Amino acid sequence: MTAAWLMLAVGDDRQHPGNDGYDDNPRYRYRWDSTVPNHARVAVGDVIALWDGRELIGVSVIHEIDVGTEEKTIYFCPDCGRSGFKRRRRLTPAYRCYRCQALFDTPGQKTRTVATYQSQHGRSWVTGRGLLSGHELRALCESPSSQLSMRPLQWERLRDALFELAGEELSMELADGSERAPIRGGHRISSVRLRVGQSAFRARLIREQGELCAFTGAAPEAVLEAAHLYSYAQSGEHQDYGGLLLRRDIHRLFDLGQIAVCPGSTLIDLAPSLRSYPLYAPLHGQPLAVQIRPEHRAWLEAHWLSKRVSA
């Protein structure tokens, strides 16, 4: 299961009354130390959602965590010895402890050695401004009432909320959150990309083509994906008649060129490596299960020429 975290990143210098803050650049890195609850639970491969207390800043996947140590100055209430106090901007004394209610102008301080952590997540960053409010993000936490700066998130709910809000497919190369590619140290990592309008594109194909995989026939809607017959990554556009519904495994094989449609005959052509599999062998030489338009034919021919695996 994918682990996810909601992490508070306020401005360029994230501060707390009990310390001197953290130098963050949310687009690329996030820093914390061993004084922070959950500090040791965050791992490479985890999804992080950074927010400023008001709204989502962005979403990413941690591809590396730098670990070290440093001497840290801790500030505390001189009466009760705790760090829970606030600066009063217009009143004196300057500070009020919200635990013991003491008023004071100068906090106590001490130095201690702490473990430091810094995530590296810039390669997977997706900007999230305007997508989710602070209230909506809190509701997606495992403990919505938590006040921690690093809170466990329910990844599936966050992913679904992003899908629904923007009509987008969150393509994280996680195989729906269950598969990650291994990296050094035995951890796992994913990359993040949003496909704008993918949900609407799929809905249109279902209306036009019904619950049919274009290669295998009738299939439950839940396993049907909107397959582009061209490289969406290059064009970034949903072309009219540029897609077909494909079962998830067929979609993957189509993208790899292992399954294609022969120009002219419009019969299904399997790569030789697939013809020994009983699940797929019967498809070779069969007609498509849906009626296609001339535009589909043109895209399928281009796919054949660019991705077909030669026998």
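The values are calculated or read from the model by the stated rules, or taken from the named source; none is laboratory data. Keep in mind the model is a prediction, meaning the values are calculated, not measured. Reconstructed Cβ throughout: ideal geometry from the backbone, glycine too, with neighbour counts over all protein chains shown.
For a quick check of your reading of the model, give me the residue pairs whose first member lies in the stretch 206-235 and is assigned by TED's automatic domain parsing to the domain that holds I268, whose second is at pLDDT 90 or above and assigned to a helix (DSSP H, G or I), with beta-carbon atoms closer than 7 Å and at least 6 apart or on different chains.
Short answer, once both residue conditions are applied: C213/I250; F215/I250; F215/L283; T216/I250; T216/L283.
Return the total of residues in the stretch 211-240 being surrounded by 13 or more Cβ atoms within 10 Å (Cβ to Cβ) and either at pLDDT 65 or above or within 20 Å of the chain's Cα centre (by Cα) (or both).
Of the residues in that region, 16 qualify.
Quick check on my filter: what residues within the stretch 66-117 are of a type in the set (G, A, S) and either more than 30 Å from R41 (Cβ to Cβ) or in contact with a strand residue (DSSP E or B) (Cβ under 7 Å, 6 or more places away or on another chain) (or both)?
Answer for the stretch 66-117, where residues must be of a type in the set (G, A, S) and either more than 30 Å from R41 (Cβ to Cβ) or in contact with a strand residue (DSSP E or B) (Cβ under 7 Å, 6 or more places away or on another chain) (or both): G68, S83, G84, A94, A102, G108, A115.
What residue, of A181, A161, is at pLDDT below 85, out of contact with any Lys or Arg (no Cβ under 9 Å at 6 or more places or on another chain) and not assigned by TED's automatic domain parsing to the domain that holds L288? Give the steps one after another, and end with the answer.
Values: A181 fails: out of contact with any Lys or Arg (no Cβ under 9 Å at 6 or more places or on another chain).
None of the others qualify; the one that does is A161.
Can you name the residue in the stretch 29-43 that is in contact with a Phe, Trp or Tyr (Cβ under 9 Å, 6 or more places away or on another chain) and basic (K, R) and is also surrounded by the fewest Cβ atoms within 10 Å (Cβ to Cβ) among such residues?
R41
Do we have S143 as in a loop (DSSP other than H, G, I, E, B), of a type in the set (S, T, Y), loosely packed, with under 13 Cβ neighbours inside 10 Å and modelled with pLDDT of 90 or more here?
On the way: in a loop (DSSP other than H, G, I, E, B): yes; of a type in the set (S, T, Y): yes; loosely packed, with under 13 Cβ neighbours inside 10 Å: yes; modelled with pLDDT of 90 or more: yes.
The answer is yes for S143.
Within the stretch 55-89, how many residues are among the basic types (K, R) and exposed (fewer than 12 other Cβ atoms within 10 Å of the Cβ)?
Residues that pass the stated criteria total 3.
Among the residues of the stretch 91-110, which ones are in contact with a Gly (Cβ under 8 Å, 6 or more places away or on another chain) and part of a loop (DSSP other than H, G, I, E, B)? Write out each step before concluding.
Residues of the stretch 91-110 that are in contact with a Gly (Cβ under 8 Å, 6 or more places away or on another chain), as a first pass: 97-99, 108.
Hits for the stretch 91-110 are Y98, R99.
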